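Student: The following block contains the structure, expressed as structure tokens.
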Amino acid sequence: MVSNMISAEGRKRLQERYDFLWETERPRMVKNMADAAAEGDRSENAEYIYSKKRLREIDRELRHLGDRLKVVKVIYPPLNPSTVSFGCWVSYEDEEGEERCYQLVGPDEFDVTAGKISVDSPVGKALLGRRVDDEITIKRPAGDLTVTIVAISSTRPG
């Protein structure tokens, strides 16, 4: 099951993507398709075929974004968290002493390269509700990983 939590920033990005597709990208594809159709035979018209395919993709994404925008709930991280919760930045150290830091976000806004992981992910689920100095085991396809939480913050450390 996918959670419906999202940060204010994540909600804004979803809305901006929806607006861009609806106000800019879709009208452009409709015009491209109409222009290509005016050229005659549609069966061998690559521009018409591409525009029609792209329009279907845009409409599919608009439906998905529209559905998500209806159900997501903006959640703000606590100012001084004592336990890991949505929106918090969590630093943990693994068995080799390597430290990692992630923010727990909703499934619509995760980006591991930016340090944002979904609360629905195995790591996110393992971290939720934990405290500093808690030792937890994260179940992964590559094997279990034991980590110790070293910091919890409402803002990105450092």
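The values are calculated or read from the model by the stated rules, or taken from the named source; none is laboratory data. Predicted model, so just to flag it, every value in this text is computed and none were measured. Keep in mind that these areas ignore ligands, DNA and RNA; they rest on the heavy atoms of the full protein, side chains included. Shrake-Rupley method; radii C 1.70, N 1.55, O 1.52, S 1.80 Å.
Student: How much accessible area per residue does the chain have, counting only protein heavy atoms and a probe of 1.4 Å, in square angstrom? All intermediate terms of the calculation are to be shown ahead of the outcome.
Tutor: Working: 9730 Å² over 158 residues.
Roughly 62 Å² per residue, with all protein chains present.
Student: Rg/Rh for the chain: what does it come to with C-alpha atoms and Rh from Kirkwood? Let's see the in-between values first.
Tutor: On the way: Rg = 21.5 Å, Rh = 18.3 Å.
Dividing the radius of gyration by the Kirkwood radius yields 1.18.
Student: Per the helix-only calculation at 222 nm, which mean residue ellipticity applies to the chain, given -39500 (n - 2.57) for every DSSP H run of n ≥ 4 and division by its residues, nearest 500 deg cm²/dmol?
Tutor: Details: 4 runs with 57 residues, N = 158.
Dividing the helical sum by the residues of the chain leaves -11500 deg cm²/dmol.
Student: Which of the lysines could a cross-linker bridge to Lys12, judged by Cα under 26 Å and excluding same-chain residues fewer than eight apart?
Tutor: Partners found: Lys70, Lys73, Lys116, Lys125.
Student: Okay, next question. I'd like the accessible area for Glu98, computed on protein heavy atoms only with a 1.4 Å probe and all protein chains in place. Round to 10 Å², please.
Tutor: About 90 Å², rounded to the nearest 10.
Student: On the accessible surface of the chain, probed at 1.4 Å, how many percent belong to carbon and sulfur atoms? Don't jump to the answer; show the numbers that get you there.
Tutor: On the way: 4990 of 9730 Å².
After summing per-atom areas, the C and S share lands at 51 percent.
Student: In addition: Could you run the Karplus curve 6.51 cos²θ - 1.76 cosθ + 1.60 with θ = phi - 60° over region 100-112 and give me ³J(HN,Hα) per residue in whole Hz, x for Gly and Pro?
Tutor: In residue order, the calculated couplings are 10, 9, 9, 9, 8, 10, x, x, 7, 9, 5, 7, 4 Hz.
Student: Another question, if that's okay. Per residue, how big is the convex hull of region 69-158 when only Cα atoms are used? Give it in Å³. Each step should come with its number before you reach the end.
Tutor: Details: hull volume 9.4 nm³, N = 90.
Residue-normalised Cα hull volume stands at 104 Å³.
Student: Want the number for Asp35 to Asn80: 0.36 nm per residue separation, take away the alpha-carbon distance, what's left? Before the final figure, lay out the partial values.
Tutor: On the way: separation 45, 0.36 × 45 = 16.20 nm, distance 5.72 nm.
Computed gain between Asp35 and Asn80 is 10.5 nm.
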